[in-house]
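Input: a single structure, listed below in structure tokens.
Bear in mind that the values in this text are calculations on the coordinates, not laboratory data. Owing to the predicted nature of the structure, the values given are computational and were not obtained by experimental measurement. Because the Cβ atoms are built from the backbone with ideal geometry, glycine has one as well, and the counts that use them run over all protein chains shown.
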Amino acid sequence: MRRSNPRVATLAKRMTPDKVAIRIVGVSHQFGEATEARHVRALRETSLEIARGELVCLIGPSGCGKSTLLNILGGLIAPTAGAVEVFGKRVRGPMPHDIAFVFQENALFPWNTVFENVNLGMVFQGVPRAEREARAKRAIEAVGLQDFPQHYPAQLSGGMRQRAALARALSLETGILLMDEPFGALDEQTRMILGEDLSVLLSRTEKTIVFVTHSLGEATFLADRVAVFSARPGTIKKIVKVDEPHPRRPDFVTSAKFTSIRNELYALLHDEIRKTMAESSVSAAGAHPP
């Protein structure tokens, strides 16, 4: 069990290159050309360094560019300006040997079993057949589905399907997991349990995780640091540290520290959400003039 967290203490200073998993430098992004009436500036001049083995949550108003930044980190889209490095390498496209994704929609193939779904991720990655079975077994056990490898997605609960999707990502044995609201479609109780399990996994594997969420409680419970985004075009308004070792215990949720951090996140987001709502109202009025 990880009772101390020396890497968190270094985050107040600039990290040395060997400590950095992800470096984001001056990233901006817009959809469409600036001359087009419908162009959208999603991100502006966003910079952040993420340490190896750290879990960073991205939180902010809807449309502030959190998922856009995640897609830039994963090489799915190129930024309009700025650059991203992963383990010292410039991101110029997908990096399947370094980065795995877990999305809100589990994207499991319904005609394949849990084991087959996990195995397929490694087929696409090019893992030799001899390695795949052992890695799939380890990943399925890591998420607690060792009794369900031959079950189909339709035979599983929503939480179990997300566990299977996480197992598929873990089987790829990448250093980085990018998670875009992976528990967003689940009920609150299931989200809490999966959050506890993810904290345990982090303590065991030391993976670097970037996790997008709209939930203040989820961000507080999971993150080593929370990057709070402004309204669109989004940029990081403040980094909030959660100095609590992994794995996080359920009683952390009822602690004064948890409440204080959650309240700080709420205060930081309140005005940004108001701005987003006001801009949405103006846009709607312009689209439908009286």
By how many degrees, between 0 and 90 and to the nearest 10, does the Cα long axis of helix 188-205 differ from the longest principal axis of the chain? 70 degrees
Let me know the Rg and Dmax you get for region 108-173 when you use only its Cα atoms, in Å. 10.5, 31
Amide H to amide H under 5 Å from Leu55: which residues, 5+ apart in sequence or cross-chain, H placed 1.01 Å off N in plane? Ile209, Asp224, Arg225
Non-local amide H neighbours of Ala42 (under 5 Å, H modeled in plane, Pro and chain starts lacking H): which ones? His29, Gln30, Phe31
Compute the distance in nm between two label points, each set 7 Å from the Cα along the Cα-to-Cβ direction, one at Lys89 and one at Arg274. 4.6 nm
Compute the relative contact order of region 111-189 as a whole-number percentage, counting only Cα pairs closer than 8 Å that sit 6 or more residues apart in sequence. 40 percent
Length gained when the stretch Gln125-Ser47 is fully extended (0.36 nm per residue, less Cα-Cα span): 25.1 nm
At R0 = 30 Å, how high is the FRET efficiency between Ala256 and Glu105 if r is their beta carbon distance? Nearest 0.05 is fine. 0.25
Whose amide H sits under 5 Å from the amide H of Val212, counting only residues 5 or more places off or on another chain, with H placed in the peptide plane? Leu58, Met179, Asp180, Glu181
Go through (i) -0.66, -0.81, -0.88, -0.96; (ii) -0.48, -0.72, -0.86, -1.02; (iii) -0.56, -0.80, -0.94, -1.07 and flag the label whose value is the computed log10 I(q)/I(0) by the Debye sum over Cα atoms at q = 0.10, 0.12, 0.13, 0.14 Å⁻¹ for this structure. (iii)
If you fit an axis through the alpha-carbon atoms of helix 256-287 and take the longest principal axis of the Cα set of the chain, what angle between them do you get, 0 to 90°, nearest 10? 60 degrees
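Over region 175-289, what is the relative contact order in whole percent, taking alpha-carbon pairs under 8 Å and six or more residues apart? Mind dumping the intermediate values first?
Details: 111 pairs, mean separation 28.0, N = 115.
Relative contact order, region 175-289: 24 percent.
Rule-of-thumb check for region 76-130: C-alpha Rg over 2.2 N^0.38 Å? Could you put the intermediate results ahead of the total?
Working: Rg = 14.6 Å, N = 55, 2.2 N^0.38 = 10.1 Å.
Cα-based Rg divided by the globular estimate yields 1.45.
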In region 99-193, which chymotrypsin sites (Phe, Trp or Tyr not before Pro) fall in coil by DSSP and have 13 or fewer other Cβ atoms within 10 Å? Trp111
In the structure shown, of Lys137/Lys257; Lys137/Lys207; Lys207/Lys241; Lys66/Lys137; Lys19/Lys137, the pairs separated by more than 27 angstrom at the C-alpha atoms are Lys137/Lys257; Lys66/Lys137; Lys19/Lys137
How much length, in nm to one decimal, is gained on full extension between Lys238 and Gln155, taken as 0.36 nm per residue of separation minus their Cα-Cα distance? 25.6 nm
Restricting to Cα pairs under 8 Å and 6 or more apart, the percent relative contact order of the chain works out to 24 percent
